[in-house]
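Taking it in order: structure first as structure tokens, then the write-up.
The values are calculated or read from the model by the stated rules, or taken from the named source; none is laboratory data. Note that the structure is predicted; figures quoted are calculated from it, not measured. In this analysis, Cβ positions are derived from the backbone assuming ideal geometry, glycine residues included, and neighbour counts consider all displayed protein chains. Areas reflect the complete protein model, heavy atoms only, side chains present, ligands, DNA and RNA absent. Shrake-Rupley method; radii C 1.70, N 1.55, O 1.52, S 1.80 Å.
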Amino acid sequence: MSFVRRAWLCALLLVFPGLAPGQPAPIFVLNSLDADISVIDPVSWKEVKRLPTGKEPHHLYMTPDESSIIVANALADSLTFVDPRTATIQKTVRGIVDPYQLRFSPDMKWLVTAGNRLQHVDLYRWDGKELSLVKRIPSGKTPSHIFIDSKSTVAYVTMQDSDELVAIDLEQQRIRWRVRTGPMPADVFGTPDGRKVLVGLTGSDKVQIFDVSYIRVPRSVGFIRTGAGAHAFRAAGDGQHVFVSNRVANTISKIDLETFKVVESYPAPGGPDCMEVLAGGRYLLATARWARKLIVIDTKTGQLAREVSVGRSPHGVWTIDHTPRF
């Protein structure tokens, strides 16, 4: 091994203990009330270090090219970029006003942020290095979660306190339509065929289904009863199923995207929130918002496999060793 390569490996080992070629990449858990990220070693299943963020971070999102995990620091008006392989901070971008939730378009031309406190949605252009604000769009009450379609043309945003789903045309930077939802809409998930959008109703025990193939006015076409506090989504990675966390019921439901029925339910104590699915699809990770834990569910046995202690109010969870997100 060359001196340069040996030095590079030593540097990685100092940054992330136990990291070696072929070893699974670290798991990142965002601790909203601690303003930091827990870095989890997926071999020992222990927290190995913390990375500081800005004040009151709530969500994180990996860029489509998987070069960075971006943390939205709502009260710091900033974004923290983290290397998903080495668990090091790449940079901090300031002047991003009230970023509660964020989403990159699949073509990486747009970054959309939801200003939860200030009630606006911001559209940023991304040139691969820098962000530039193109349009600030006044929204309904408390914009919450974002989903961008596979064509990078429409951003769907929920309005938590005015019970609405809004569609924003990215190229024209304007609202196409808004429609009423059930109580306290949270996360949004678009089906692989682009025809349906699912909305988790945290003020209910259901997921609401919208048919968005009607360009002018979408239609609410039904509900899926999952569990109290239906909140966040994560695709199973097989193109056929999606998970939804039921924060109040302390369960996670698996929904069949053909029948729109719950086919599995898993115990998830502590107020499950955001989720991740490890490569291979067997293990489902979820942040236990009220228990300061990362929980690991074995979807083959349907049982809780382990719990990992993290920080206060854990919110997002991501790793580069994941199943597809569709």
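Scanning the stretch 45-61 for residues that are surrounded by fewer than 17 Cβ atoms within 10 Å (Cβ to Cβ) and in contact with a Pro (Cβ under 9 Å, 6 or more places away or on another chain), we see that the one that is nearest to Val296 (Cα to Cα) is Val48. Which residues, counting only those in the stretch 176-200, are within 13 Å of Val212 (Cα to Cα), of a type in the set (D, E, K, R) and either within 17 Å of the chain's Cα centre (by Cα) or open to solvent by 50 Å² or more (accessible area, probe 1.4 Å) (or both)? Arg176, Arg178, Asp193, Arg195, listed by residue number.
Residues in the stretch 203-217 that are within 22 Å of the chain's Cα centre (by Cα) and assigned to a loop (DSSP other than H, G, I, E, B) were compared, and the one that is farthest from Gly182 (Cα to Cα) is Val212.
Of all the residues in the stretch 231-244, those that are under 15 Å from Ile297 (Cβ atoms), part of a strand (DSSP E or B), open to solvent by 10 Å² or more (accessible area, probe 1.4 Å) and touching a residue at least 24 places away in the same chain (Cβ under 8 Å) number 1. Whenever a residue of the stretch 173-193 is at negative phi and part of a loop (DSSP other than H, G, I, E, B), its partners that are surrounded by fewer than 20 Cβ atoms within 10 Å (Cβ to Cβ) and aromatic (Phe, Trp, Tyr), lying with C-beta atoms within less than 7 angstrom and at least six residues away or across chains, give the pairs Pro192/Phe326. Of the set (1) touching a helix residue (DSSP H, G or I) at 6+ places or on another chain (Cβ under 8 Å); (2) over 29 Å from Ala305 (Cβ atoms); (3) open to solvent by 40 Å² or more (accessible area, probe 1.4 Å), all apply to Pro64 but (1). Residues in the stretch 312-324 include none that are open to solvent by 40 Å² or more (accessible area, probe 1.4 Å), charged (D, E, K, R), modelled with pLDDT under 95 and under 17 Å from the mean Cα position of the chain (by Cα).
For the stretch 80-126, filtering for residues that are free of Cβ contacts under 8 Å to residues at least 40 places away in the same chain, in a loop (DSSP other than H, G, I, E, B) and loosely packed, with under 15 Cβ neighbours inside 10 Å leaves 1.
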